[in-house]
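Comments concern the structure below.
The values are calculated or read from the model by the stated rules, or taken from the named source; none is laboratory data. Since the structure is predicted, the reported quantities are computational estimates derived from the model, not experimental observations. Cβ sites come from the backbone with ideal geometry, for glycine too, and all protein chains shown count toward neighbours. When the accessible area is computed, the model is the full protein with side chains, heavy atoms only, and any ligands, DNA or RNA have been set aside. Shrake-Rupley method; radii C 1.70, N 1.55, O 1.52, S 1.80 Å.
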Amino acid sequence: MNFEHSPKAQDYMARLTAFMNEHVYPVEHDYYDYLDSCENRWATVPMMEELKAKAREQGLWNLAFPGSHGAGLTNLEYAPLAEIMGRVMWAPEIFNCNAPDTGNMEVFMMYGTEAQQEQWLTPLLNGDIRSAYAMTEPNVASSDATNIETSIVRDGDEYVINGRKWFITGAMNERTQIFIVMGKSDPDNPNRHLQQTQILVPKGTPGLTVERALKTFNYDDAPIGHAEIVFDNVRVPAANLLLGEGRGFEIAQGRLGPGRLHHCMRLIGCAQRSMELACHRAETRSTFGKKLSEHQSVREDIANCFCEIEQVRLLTLKTADQLDKVGNKEARDLIAAAKISTPLTVQRVIDRAMQIHGAGGLCQDFFMAEAFNYARWCRQADGSDQVHMMALGKQLIKRYAS
Ligand SMILES: Cc1cc2nc3c(=O)[nH]c(=O)nc-3n(C[C@H](O)[C@H](O)[C@H](O)COP(=O)(O)OP(=O)(O)OC[C@H]3O[C@@H](n4cnc5c(N)ncnc54)[C@H](O)[C@@H]3O)c2cc1C
């Protein structure tokens, strides 16, 4: 096993770190100040557009795609880069590497027609528009995609869509132009994995309403956001179908391999930065006659942070390597293991770092509180922990029981 990053990855890591040091960390809080003072929290943040232009100029753009659409990095090479971006909550978008757009771009790459790619993939790759992926519904347990109730019904040359979705990331943002919507076109099909269909709904289509922004632990994640949206007799041309009727489940499965792992990679960046901040804090404040860093329990907390970060980083790197070598399907056990372990572990690491910071660790002056929120919601987004455990456990029992 070679634990060294490739020369190409090392080159990108150095350039990305330099970019973060020069252009991102110094304005990290300005970004939030702008959002707090602007009139529309869902509008484009001018600073973001300036940073995107700089990143693109420096070739730090579309780093997530192994193929010809981006920098041509493997998943293994991308992992340390996503970790570096994950150190600032809003940084991935600067490099066009943010969720859910990377996952949605992959959907267009894998399943889009040429016309769909030209209309939606090209502007997404250019960072000119944003996109949303609409599957989860408030009225059914959406962990089980076969529960989805939104209907997609053919009517002549069109499809008619009716349903309600929530937690749709990106739907609040003014630049989001396209919704990839999962619904049922054949609810009575005895094969419950052939009931679903995915279809493209452009923003502004009559009957599509963004009703409200949802918050997690009171974070609205502006300007991206997570929204509740309604489809009321929304009509789109039949050409907006993705892949074909009844193939929605297949697309959902294909979409989530790398996307799930990208969250893990970014979360490791959150954890690493939290640990580093905790070390700094512990060294610079004192209680009961000695530095915090000299108290045994503080050293233990920091040591445990390190141990746990190493564990999930190695797991994530191994999973990325397997994704490159054997693909999504064959690497699914490791993807599940990383998806189960990383958010929970990172949550624990950040929690320790917050504690070492005292009351300050819980407030907006440090990035830990928002990062904790991110780790916590990653235990639901892209599938609840329990669903991944169910699938992984089933596979393992099948493999080892006989
Ligand atoms: C911030 C955020 C952003 C999101 N972004 C998007 C998005 O862009 N698009 C989108 O479509 N969705 C999005 N989601 C939704 C996410 O994908 C769903 O929340 C997730 O799939 C779970 O569905 P549910 O919320 O309906 O939970 P339910 O299906 O109601 O599950 C509730 C709980 O039941 C338990 N459970 C379920 N199955 C099992 C089992 N087999 N064994 C044991 N326990 C079980 C688990 O504890 C689970 O948490 C987002 C969620 C969050 C929090």
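Do we find a residue being farther than 16 Å from Ile148 by Cα, away from the ligand (no atom under 15 Å from the Cβ) and open to solvent by 30 Å² or more (accessible area, probe 1.4 Å) anywhere in the stretch 193-201? Taking every residue of the stretch 193-201 in turn, none turns out to be farther than 16 Å from Ile148 by Cα, away from the ligand (no atom under 15 Å from the Cβ) and open to solvent by 30 Å² or more (accessible area, probe 1.4 Å). Criterion applied to Ala331, Ala353, Ala336 was being in contact (Cβ under 8 Å) with a residue 40 or more places away in the chain, more than 16 Å from the ligand (Cβ to nearest atom) and under 13 Å from Arg260 (Cα atoms), and the one residue passing it is Ala331. Contact annotation: residue pairs with Cβ atoms under 9 Å, 6 or more positions apart or on different chains, pairing a residue in the stretch 376-393 that is over 14 Å from Leu334 (Cα atoms) and near the ligand (Cβ under 7 Å from one of its atoms) with a partner that is open to solvent by 40 Å² or more (accessible area, probe 1.4 Å) and of a type in the set (Asp, Glu), are Val387/Asp144. Of the numbered criteria (1) away from the ligand (no atom under 16 Å from the Cβ); (2) open to solvent by less than 20 Å² (accessible area, probe 1.4 Å), the one Ser341 fails is (2). Scan the stretch 156-172 for residues that are over 20 Å from Phe108 (Cα atoms) and either open to solvent by less than 10 Å² (accessible area, probe 1.4 Å) or within 16 Å of the ligand (Cβ to nearest atom) (or both) and the total you get is 7. Please find, within the stretch 146-155, the residue that is farthest from the ligand (Cβ to nearest atom) out of those that are open to solvent by 20 Å² or more (accessible area, probe 1.4 Å) and in a strand (DSSP E or B). Filtering first and then ranking leaves Asp155. Taking the stated definitions as given, is Lys52 open to solvent by less than 20 Å² (accessible area, probe 1.4 Å) and either modelled with pLDDT of 95 or more or out of contact with any Gly (no Cβ under 9 Å at 6 or more places or on another chain) (or both)? Spelling it out, Lys52 is indeed open to solvent by less than 20 Å² (accessible area, probe 1.4 Å) and either modelled with pLDDT of 95 or more or out of contact with any Gly (no Cβ under 9 Å at 6 or more places or on another chain) (or both). Within the stretch 122-145, residues that are within 8 Å of the ligand (Cβ to nearest atom) have Cβ atoms under 8 Å from residues that are among the basic types (Lys, Arg) and modelled with pLDDT under 95 in these pairs: Tyr133/Arg255, counting only partners at least 6 apart in sequence or on another chain. Count of the stretch 62-85 residues, restricted to those that are among the hydrophobic types (A, V, I, L, M, F, W, C) and farther than 27 Å from Glu276 by Cα, is 3.
Could you identify the single residue in Asn233, Asn189 that is touching a residue at least 40 places away in the same chain (Cβ under 8 Å), more than 21 Å from Pro123 (Cβ to Cβ) and not in a loop (DSSP other than H, G, I, E, B)? Explain how you work it out, then say what you get.
On the way: Asn189 fails: not in a loop (DSSP other than H, G, I, E, B).
So the residue among Asn233, Asn189 that is touching a residue at least 40 places away in the same chain (Cβ under 8 Å), more than 21 Å from Pro123 (Cβ to Cβ) and not in a loop (DSSP other than H, G, I, E, B) is Asn233.
Just checking, does the stretch 273-286 include any residue being within 22 Å of Gly383 (Cβ to Cβ), in contact (Cβ under 8 Å) with a residue 60 or more places away in the chain and either surrounded by fewer than 20 Cβ atoms within 10 Å (Cβ to Cβ) or not charged (D, E, K, R) (or both)? So far as the stretch 273-286 goes, no, none of its residues is within 22 Å of Gly383 (Cβ to Cβ), in contact (Cβ under 8 Å) with a residue 60 or more places away in the chain and either surrounded by fewer than 20 Cβ atoms within 10 Å (Cβ to Cβ) or not charged (D, E, K, R) (or both).
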